[in-house]
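The next block holds one structure in the form of structure tokens; read it before the comments.
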């Protein structure tokens, strides 16, 4: 008589998301929401050290504001896309800007999505999930 030994299900490691926005209130809300949805989240509120934070944390996905002091989101994205170790990390711009020029520029510098603030949490989760599936992280 053979006894089946249960095989433990592998626990899926949560995707790592870095939220970069110079408004702490925004990063706190997004961080709490994404953590409650099962993601590992780190935030950065200083544009100047944002690239260093990416290098240290090695996120699977970046949510990036455009309008920030010191460097704007376009400059941060351009810098990340130049580097071999960060060029393939998807960048989703979250911004209050809404012109076609801003949207076009976000893609020109290497951004993957342009999401206008305010946005719903459900919509943000849908977009994050689609991007993570597309890169094999879900």
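The values are calculated or read from the model by the stated rules, or taken from the named source; none is laboratory data. Every value quoted in this text rests on a predicted model; they were computed, and no experiment measured them. Methodologically, a virtual Cβ is constructed for each residue, glycine included, from the backbone with ideal geometry; neighbour enumeration extends over all protein chains shown.
Figures for the structure shown
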| quantity | calculated |
| --- | --- |
| First in segment 22-33 and over 15 Å from residue 96 (Cα atoms), second anywhere and at pLDDT below 95, Cβ under 7 Å, 6 or more apart | 33/121 |
| Odd one out for residue 129 among (1) touching a strand residue (DSSP E or B) at 6+ places or on another chain (Cβ under 9 Å); (2) free of Cβ contacts under 8 Å to residues at least 60 places away in the same chain; (3) within 24 Å of residue 14 (Cβ to Cβ); (4) part of a helix (DSSP H, G or I) | (1) |
| In segment 35-47, residue surrounded by the most Cβ atoms within 10 Å (Cβ to Cβ) [restricted to those that are in a strand (DSSP E or B) and in contact with a helix residue (DSSP H, G or I) (Cβ under 6 Å, 6 or more places away or on another chain)] | 44 |
